[in-house]
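Undergrad: If you scroll down you'll find the structure; I have some questions about it.
The values are calculated or read from the model by the stated rules, or taken from the named source; none is laboratory data. Everything numeric in this text was worked out from a predicted model, so none of it was measured. As a convention, Cβ positions derive from the backbone with ideal geometry for all residues, glycine included, and neighbour counts pool all protein chains shown. Heads up: the accessible areas ignore ligands, DNA and RNA and are worked out on the full protein's heavy atoms, side chains in. Shrake-Rupley method; radii C 1.70, N 1.55, O 1.52, S 1.80 Å.
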Amino acid sequence: MEKMKLKLLYSDLKPELELIEKELEQAVDSESLLLNDASLHLLQAGGKRIRPVFVLLAGKFGDYDIELLKRVAVPLELIHMASLVHDDVIDDSEIRRGRPTVKSEWNNSVAMYTGDFILARALERITEIESPRIHDILSKTLIEVCRGEIIQIEDKYRLDQSLRDYLRRIKRKTALLISSSCELGALVSGTDEKTAAHLRRFGYFIGMSFQIIDDILDFTASDQELGKPAGSDFIQGNITLPILYARRNPQIYQMLRENLNQDISDEKRLEIVRTIRTSSAVDEAKRMSERYLKKALKELDYLPKGPAMKTMRKIAFFIGKRKF
């Protein structure tokens with residue numbers, strides 16, 4: 001339902017997004033039946049396609065050319081998809097978007113090589129772009145995404161980490177790829193440097209807000225709405241913002257400490273979810289997300305007025321208010 005609402009906000013981009021979807025299908029096509037099945041399985045689970053949308057919208061601030069824009073939109077989404085497959089192995093996730101993950105449908109080895117294959121396809125697509133600067137931004141983004149994933153492994157089950165640790169991690173894991181989508185869409189379309197910089201910053205702030213909301217929803221949405229068990233982050237040892245705020249209460253801290261990295265029952269999981277949901281942590285996390293949202297909207301004020309800016313504003317508000 002929420003995904004449908006989001007798609008309505010950029011319905012005028014439908015033909016271009018359908019083209020990108022076809023390109024994604026072609027990109028994951030392989031002679032290996034196993035690779036094909038695993039990659040398509042992931043692709044058909046869908047997604048919000050937020051990164052390609054931001055590439056296209058940023059492109060509206062320059063000379064909009066779908067043929068050029070798809071050359072950055074497709075690799076960026078492939079990088080995102082590859083990171084999801086690898087993520088599910090690291091987190092031992094059985095379900096994503098209501099469907100079995102590649103790891104659970106096949107196994108860890110298939111998932112790892114599927115992720116590598118999708119990543120290799122992204123690199124292959126990037127070679128169609130002739131600008132060294134775009135290659136430079138994309139490769140630096142990819143390095144940071146990988147660093148973010150490694151840091152996430154290092155930070156697992158570390159209940160005493162700082163707010164700064166968390167923010168740095170989500171910057172690398174989520175915000176930078178969205179930030180690069182906005183910047184690259186602008187650069188490919190030949191916008192001026194100032195516009196590209198404001199779009200890059202908009203993407204960064206909206207990416208931070210987006211991830212914080214995701215982390216909040218892990219405690220406030222139902223298993224059904226999430227398409228995976230609520231409280232998955234805690235079970236997998238990922239210490240998110242609601243947990244960081246909730247742990248300041250000594251009783252909650254004790255509860256979290258006792259159940260972290262334990263094989264807990266469904267009943268216990270839901271009790272932890274309920275405890276955090278009814279604490280002040282959720283509202284505090286929402287306030288942090290709103291601070292980033294405000295910063296993102298401020299960047300839009302510097303951009304030329306028009307339909308693209310309006311749509312970006314609507315998407316920003318949607319991201320800040322989504323329920324699942």
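Undergrad: Ignoring ligands, DNA and RNA, what percent of the accessible area of region 1-160 is carbon or sulfur (1.4 Å)?
TA: Taking all protein chains in place, region 1-160 shows 55 percent carbon and sulfur surface.
Undergrad: Measure nothing but the geometry: give the 0 to 90° angle between the long axis through the Cα atoms of 250-259 and the longest principal axis through the Cα atoms of the chain, rounded to 10°.
TA: 80 degrees
Undergrad: Which listed residue (Leu57, Ser181, Thr311) has the Cα farthest towards the positive end of the charge dipole for the chain, taking +1 on Lys and Arg C-beta and -1 on Asp and Glu C-beta about the Cα centre?
TA: Comparing the listed Cα positions along the dipole, Thr311 ranks first.
Undergrad: Where is the GNM fluctuation largest for the chain (alpha-carbon springs, 10 angstrom cutoff): Gly227, Gly237, Gly306?
TA: Gly306
Undergrad: Using Cα pairs under 8 angstrom and six or more residues apart, how large is the relative contact order of the chain, in percent?
TA: On the way: 456 pairs, mean separation 65.7, N = 324.
Normalised by residue count, the contact order of the chain is 20 percent.
Undergrad: Let me know the charge dipole size of the chain about its Cα centre in debye, to the nearest 20, where only the beta-carbon of Lys, Arg (+1) and Asp, Glu (-1) is charged.
TA: Details: 52 positive and 50 negative charges, 334 e Å.
Charge dipole, the chain, about its Cα centre: 1600 debye, nearest 20.
Undergrad: Could you tell me how many degrees, from 0 to 90 and to the nearest 10, lie between the Cα long axis of helix 14-27 and the main elongation axis, the longest principal axis, of the Cα atoms of the chain?
TA: 80 degrees
Undergrad: When the chain is fully extended, how far beyond the present Cα-Cα distance does Asp301 get from Phe317, taking 0.36 nm per residue of separation? Could the numbers behind the result be given before it?
TA: Working: separation 16, 0.36 × 16 = 5.76 nm, distance 1.44 nm.
Difference between extended and current length: 4.3 nm.
Undergrad: Report the Rg/Rh value for region 249-324, based on alpha-carbon coordinates and the Kirkwood definition of Rh. Spell out each step's value before the answer.
TA: Details: Rg = 18.5 Å, Rh = 15.4 Å.
For region 249-324, the value is 1.21.
Undergrad: Sorted by accessible area with a 1.4 angstrom probe, largest first, how do Thr220, Thr127, Thr311 fall?
TA: Working: Thr220 50, Thr127 100, Thr311 15 Å².
Descending accessible area places them as Thr127, Thr220, Thr311.
Undergrad: If you don't mind, there's one more thing I want to ask. Using only the Cα atoms of region 1-111, what semi-axes does the equivalent ellipsoid have when each is the square root of 5 times a gyration tensor eigenvalue? Give whole Å, largest first. All intermediate terms of the calculation are to be shown ahead of the outcome.
TA: Working: eigenvalues 147, 51, 27 Å².
Values for region 1-111, descending: 27, 16, 12 Å.
Undergrad: Also, quick follow-up: Hey, could you get me the Stokes-Einstein D for the chain, Kirkwood radius over alpha-carbon pairs, 37 °C and 0.692 mPa s, rounded to whole µm² s⁻¹? Write out the running numbers ahead of the final one.
TA: Numbers: Rh = 20.2 Å.
It comes out at roughly 163 µm²/s.
Undergrad: Over all alpha-carbon pairs in region 79-187, figure out the percentage whose distance exceeds 22 Å.
TA: On the way: 2370 of 5886 pairs.
So the portion of pairs separated by more than 22 Å is 40 percent.
Undergrad: Can you give the extra length, in nm with one decimal, that the chain gains between Glu267 and Glu154 once fully stretched, where that is 0.36 nm per residue apart less the Cα-Cα distance?
TA: Values: separation 113, 0.36 × 113 = 40.68 nm, distance 2.82 nm.
Extra length from Glu267 to Glu154 when fully extended: 37.9 nm.
Undergrad: Please give the per residue accessible area of region 198-324, computed with a probe of 1.4 Å over protein heavy atoms only, in Å².
TA: Numbers: 6060 Å² over 127 residues.
Result: 48 Å² per residue.
Undergrad: Something else about it: Using 0.36 nm per residue, how much length does the chain from Asp136 to Ser162 gain when fully extended, once their Cα-Cα distance is taken away? Walk me through the intermediate numbers first.
TA: Numbers: separation 26, 0.36 × 26 = 9.36 nm, distance 3.11 nm.
Separation in residues times 0.36 nm, less the Cα-Cα distance, equals 6.2 nm.
Undergrad: Relative to the longest principal axis of the C-alpha atoms of the chain, give the angle of the C-alpha long axis of helix 108-126, reported between 0 and 90° and rounded to the nearest 10°.
TA: 30 degrees
Undergrad: If you bin every alpha carbon distance in region 174-239 into 10 Å steps from zero, what whole percent lands in each bin?
TA: Percent of pairs per bin, in order: 22, 33, 23, 17, 4.
Undergrad: Accessible area of Leu68, 1.4 Å probe, to the nearest 10 Å²?
TA: Approximately 70 Å² for this residue.
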